[in-house]
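Please treat every number below as a calculation from the coordinates, not as lab data. Given the structure is predicted, the values throughout are model-derived calculations rather than measurements. Quick reminder, even Gly has a Cβ in these numbers, built from the backbone with ideal geometry, and neighbours come from all protein chains shown.
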Amino acid sequence: MLLAIDVGNTNVVLGVFDGEELVDSWRLATLGERTADELGILVSSLFLDRNIDRSQITGVIMASVVPPLTGTMTTMVEQYLGLQVQLVEATTDIGMPVRYDNPKEVGADRLVNGVAAFERHGRAKNVPVIVVDFGTATTFDAISIEGEYLGGVICPGVQISSDALFQHAARLPRVEVRKPPQLIGQTTVGSIQSGLFYGYVALVEGIVQRLKSELGGEQAQTICIATGGMAEVIANETDLIEHLEPNLVLHGLQMVWERIRHD
């Protein structure tokens, strides 16, 4: 079995694969102060709860955008699983050409998402793909019809926008980001929810439409895939997103593991 780990700014996502099958997955809060022992006990408890024998884990692959946790997670894997971590970085050969001016600037999670999105949705149909990742930041990544990572767009995440509004406007409350009952808010909370929710729907639709145009205009049947912790909140409100893939990064890590192993 393979343990795939994605360390993000908001969540740590873990998944256990048996071959290509995702057997189980978990989404944890990213807490930078956690120690290797705390993480080891937590992961061991998760495995025990799902009847997963940790001795069956024979490989571990990880992408991380949180440097302080990268070393902690690596130490945990070494101490509690007795394995070395295959760390995916911007310079790792993942089998996808990167057309960024400086490839080292690209987050490994964005590249891994691109691999999974193209293999699962783009290659067979011979079309470009767009990945919208609703995380701490909302990122849009473009993969060409040839399976090349072209680059993308980075916007503040919807939760960051909500928090900023609360922090910088003295009389506005902190609100839960969710779809309001109507567009025209009749309370302050309802008005803020409407702005956040429908504002991000409009942002996503506007950027996706422009990306599709830049990737080939009306001739290219570009497929758009949504992922990330906030994906389900926003993605179901627009027809421009064809697929919702909460575990896209885990599937990408599994694919990259197979490519590295067979090189």
- Message: Placing unit charges on C-beta atoms (Lys and Arg positive, Asp and Glu negative, everything else neutral), compute the dipole magnitude of region 103-253 about its Cα centre in debye, rounded to 20.
- Response: 340 debye
- Query: How much length is gained on full extension from residue 66 to residue 37, taking 0.36 nm per residue of separation minus their Cα-Cα distance?
  - Reply: 8.6 nm
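Would you please calculate the Kirkwood hydrodynamic radius of the chain over all C-alpha pairs and express it in Å, rounded to one decimal?
Values: mean 1/r = 0.0514 Å⁻¹.
19.4 Å is the Kirkwood radius here.
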- Kirkwood hydrodynamic radius over Cα pairs of region 103-253, then Stokes diffusion coefficient at 20 °C and 1.002 mPa s, in µm²/s: 134 µm²/s
- Pick from 234, 160, 130: which is most flexible by mean-square fluctuation in a GNM of the chain where alpha carbon atoms under 10 Å apart are linked? 160
- Query: Using modelled amide H (1.01 Å from N, peptide plane; none on Pro or chain starts), what sits under 5 Å from the amide H of residue 226, excluding residues fewer than 5 places away?
  - Reply: 132, 243, 244, 245
- Query: For residue 212, which aspartates and glutamates qualify as cross-link partners when the Cα separation must be under 14 Å and same-chain residues fewer than eight apart are set aside?
  - Reply: 141, 239, 242
- Query: Hey, if you put +1 on the Cβ of every Lys and Arg and -1 on every Asp and Glu Cβ in the chain, which of 155, 228, 118 ends up farthest toward the positive end of that dipole?
  - Reply: 155
- Query: What residue among 91, 222, 74 has the largest mean-square fluctuation in a Gaussian network model of the chain, using Cα springs under 10 Å?
  - Reply: 91
- If you place +1 on the Cβ of every Lys and Arg, -1 on the Cβ of every Asp and Glu, and leave all else neutral, what size is the dipole of the chain about its Cα centre, to the nearest 20 Debye? 580 debye
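To check you understand DSSP bridge types, tell me what percent of the beta bridges within the chain (both residues inside) are antiparallel, rounded to 5. List each step's numbers first, then the result.
Working: 27 of 45 bridges.
Looking only at bridges with both residues in the chain, the antiparallel portion is about 60 percent.
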- Across bins of 5 angstrom width beginning at 0, how are the C-alpha pair distances of region 156-224 distributed, in whole percent? 3, 16, 21, 18, 12, 10, 10, 6, 3, 1
- Task: Mind checking the full-extension length gain between residue 154 and residue 50? Use 0.36 nm per residue of separation minus the Cα-Cα distance, one decimal, nm.
- Result: 33.8 nm
- Item | Under the span-like rule (Cα at least 18 Å along the axis, Kyte-Doolittle mean at least 0.5), DSSP H helices of the chain | 36-49
